[in-house]
């Protein structure tokens, strides 16, 4: 569905601060994948997301996406240089900060209208009784009582409520790919658990294609059908569903240490 070929990005090239943040990344994201992404700070996770979302352009490599032309034919399109605002029509992104995904000074129903206009391309959405009933039915899935607060401004809601709302709005906008960037990290444990279960529910019911960066190793194992580990600008593990189901935290740590030891040995050979 989305394919990254030989993606690399270098910051401050040719200076003492040169940083090869991503190095020859090759990745295929298939329709319906739920990919959890792990790695230490500085591993390249956020940079990878920024490349996919169009916030940054790669120094090297190409990004391709399966799409449909005006005649309904399946085509593969090069989106490497598509601007971020263009990709926002088919790539959704939820950040760690629960305040970023909604307009706090607007009412809940106005926020819902915006996301529906984005998802239902070509349709004129008018706010009427039928539309409000639809909003209520969708909001009821959150089990937070928001279906009874359509006229309240969103800045009156808690962080957990806003992040759950952001997730629902992202789903209703019908993205081809949803990027979750540590979307529960700023929440208390109770609200984090609620949002994670909603994430699982929506991914399954709407057949979403999802990538989720997380520092919670248990979440990385428990959620999704695929696991990526990044380190030093590289994808060092890409583990499929069957193998992932058998993984333990201890096994992940063992593999990571083995890869790092191998890399250190290779570096020593080059130096010699």
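All of the numbers you see were taken from the coordinates with simple rules; none came from a lab. Just so it is clear, the structure is predicted and the values come from calculations on it, not from any experiment. A quick note on method: Cβ atoms are made from the backbone with ideal geometry, for glycine too, and the neighbour counts reach across all protein chains shown.
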Exercise for review: Pop a pseudo-label 7 angstrom from the Cα along the beta-carbon direction at both residue 258 and residue 88 and give the gap in nm to one decimal.
Suggested key: 4.4
Practice item. Just need log10 I(q)/I(0) for region 2-271 at q = 0.10, 0.12, 0.16 Å⁻¹, Debye formula, equal scatterers on the alpha-carbon atoms, no solvent, rounded to two decimals. Key: -0.57, -0.80, -1.30
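What FRET efficiency comes out for residue 205 versus residue 23 if R0 is 45 angstrom and r is the Cβ-Cβ distance? Round to the nearest 0.05. Each step should come with its number before you reach the end.
Values: r = 37 Å, r/R0 = 0.82.
The pair residue 205/residue 23 has a calculated efficiency of 0.75.
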Study note, to complete from the structure: region 1-135: relative contact order from alpha carbon pairs under 8 Å, six or more residues apart, as a whole percent, is 19
Exercise for review: Sort 100, 179 so the one with the fewest other Cβ atoms within 10 Å of its own Cβ comes first.
Suggested key: 100, 179
Exercise for review: Divide by every residue of the chain the summed helix terms, -39500 (n - 2.57) for each DSSP H run of at least 4, and state the resulting mean residue ellipticity at 222 nm, rounded to the nearest 500 deg cm²/dmol.
Suggested key: -11000 deg cm²/dmol
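Taking R0 as 22 Å, what's the FRET efficiency between residue 246 and residue 215 from their Cβ-Cβ distance, rounded to 0.05?
0.50
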Practice item. Would you kindly state how much longer the chain becomes between residue 151 and residue 69 on full extension, computed as 0.36 nm times their sequence separation minus their alpha carbon distance, in nm to one decimal? Key: 25.6 nm
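Do you know the relative contact order of region 2-271, to the nearest whole percent, from alpha carbon pairs under 8 angstrom that are 6+ apart?
25
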**Study point:** FRET efficiency for residue 222 and residue 114, using Cβ-Cβ distance with R0 set to 25 Å, rounded to 0.05
**Key:** 0.20
Check your understanding: Fewest to most neighbouring Cβ within 10 Å: what's the order for 255, 226?
Key -> 255, 226
Point to revise | Label-to-label distance, nm, for residues given as residue 132 and residue 40 (7 Å Cα→Cβ offset) | key: 5.5
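Starting with the fewest neighbours, write out 37, 76 ranked by other beta-carbon atoms found within 10 Å of each beta-carbon.
If I rank by nearby Cβ atoms, fewest first, I get 76, 37.
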**Study point:** Between helix 129-139 and the chain: long-axis angle, C-alpha atoms, 0 to 90°, nearest 10
**Key:** 40
Review point. With contacts defined as alpha carbon pairs under 8 Å and 6 or more residues apart, what's the relative contact order of region 164-228 in percent?
Key: 39
Review point. Scattering from the C-alpha atoms of region 97-252 alone, worked out with Debye: what is log10 I(q)/I(0) at q = 0.09, 0.13 1/Å?
Key: -0.33, -0.66
Point to revise | Equivalent ellipsoid semi-axes - Cα gyration tensor, region 128-174, angstrom | key: 16, 13, 9
Check your understanding: How far apart, in nm, are the 7 Å Cα→Cβ label points at residue 60 and residue 143?
Key -> 5.0
